[in-house]
Amino acid sequence: MKNTRQRAAILRVLDESAEPLSAEEVYSRLRAEEPSMALSTVYRNLERFSAENLLHRDTFGDGVVRYSPARHHGHYLICTGCDARVRIDGCPLSALEEGLARDTGFAIESHSLTIYGKCPRCAAKEQGNREKKAAGKRQEEEHG
Ligand SMILES: [Zn+2]
Ligand SMILES: [Zn+2]
């Protein structure tokens, strides 16, 4: 009984989250309502759910495994500066998959697509740093 409740709680946390969560993130969000749940239990259930195809398992650039509900299929833009994640709703690859299945005879099971870059804030910061550096260099040249 307790296990069923814990399993439901784990799935609910992921369902309510707009972005994929790591086991630690799920664990910390569940602490208040399931204080007796161990991190290892969270891990075990997440792995089981992904084996049952209830969850989608993603490893992004930082190597951390994150989970999201399988029926929330979508993709992410990830900032390499601050790790901000923006979900791309829908899947731009479903049409491609259909064509590939037709052309190659593959029974396609899944795919992954993650786009990396700098979010507007990090891009602006980087631009600012570049300008500062350029200004410093100009000053050196003027003085030297
Ligand atoms: Zn950023
Ligand atoms: Zn997709």
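The values are calculated or read from the model by the stated rules, or taken from the named source; none is laboratory data. What you are looking at is a predicted structure, and each value in this text was computed from that prediction instead of being measured. Cβ: placed from backbone, ideal geometry, glycine included. Neighbour counts: every protein chain shown.
Looking only at region 89-144, filter to residues that are acidic (Asp, Glu), surrounded by 10 or more Cβ atoms within 10 Å (Cβ to Cβ) and within 24 Å of residue 74 (Cα to Cα); which one of those is farthest from ligand 2 (Cβ to nearest atom)?
Looking at residues that are acidic (Asp, Glu), surrounded by 10 or more Cβ atoms within 10 Å (Cβ to Cβ) and within 24 Å of residue 74 (Cα to Cα), I get 98.
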Handout entry: Selection count where residues are more than 18 Å from the chain's Cα centre (by Cα), in a loop (DSSP other than H, G, I, E, B) and hydrophobic (A, V, I, L, M, F, W, C), scope region 108-129
Key = 1
Practice task
Look at region 92-144 and say how many of its residues are more than 16 Å from ligand 1 (Cβ to nearest atom) and either in contact with a helix residue (DSSP H, G or I) (Cβ under 9 Å, 6 or more places away or on another chain) or not charged (D, E, K, R) (or both).
Solution key: 23
Problem - Residue that is surrounded by the most Cβ atoms within 10 Å (Cβ to Cβ) [pool: residues in region 34-53 that are modelled with pLDDT of 85 or more and either closer than 21 Å to residue 92 by Cα or of a type in the set (D, E, K, R) (or both)] - result: 34
Exercise for the section: Using the structure shown, decide if residue 18 is at pLDDT 85 or above, away from ligand 1 (no atom under 16 Å from the Cβ) and either more than 15 Å from residue 113 (Cβ to Cβ) or among the small types (Gly, Ala, Ser) (or both). Expected result: no
Completion exercise
For region 51-70 the number of residues that are more than 15 Å from the chain's Cα centre (by Cα) and free of Cβ contacts under 8 Å to residues at least 24 places away in the same chain is 3
Completion exercise
The lone condition residue 52 fails out of (1) away from ligand 1 (no atom under 16 Å from the Cβ); (2) more than 19 Å from residue 14 (Cα to Cα); (3) acidic (Asp, Glu) is (2)
Exercise for the section: Could you give me the residue pairs with C-beta distances under 7 Å whose first residue belongs to region 93-118 and is under 17 Å from residue 59 (Cβ atoms), whose second residue is modelled with pLDDT under 90 and part of a helix (DSSP H, G or I) wherever it lies, and which are 6+ apart or on separate chains? Expected result: 111/97
Practice task
Test residue 47 against the stated conditions and say whether it is more than 16 Å from ligand 1 (Cβ to nearest atom) and over 20 Å from the mean Cα position of the chain (by Cα).
Solution key: no
Exercise for the section: Hey, could you check region 74-85 for residues that are hydrophobic (A, V, I, L, M, F, W, C) and surrounded by 14 or more Cβ atoms within 10 Å (Cβ to Cβ) and say which is farthest from residue 113 (Cα to Cα)? Expected result: 84
Problem - In region 1-33, residue surrounded by the most Cβ atoms within 10 Å (Cβ to Cβ) [restricted to those that are under 21 Å from the mean Cα position of the chain (by Cα) and acidic (Asp, Glu)] - result: 25
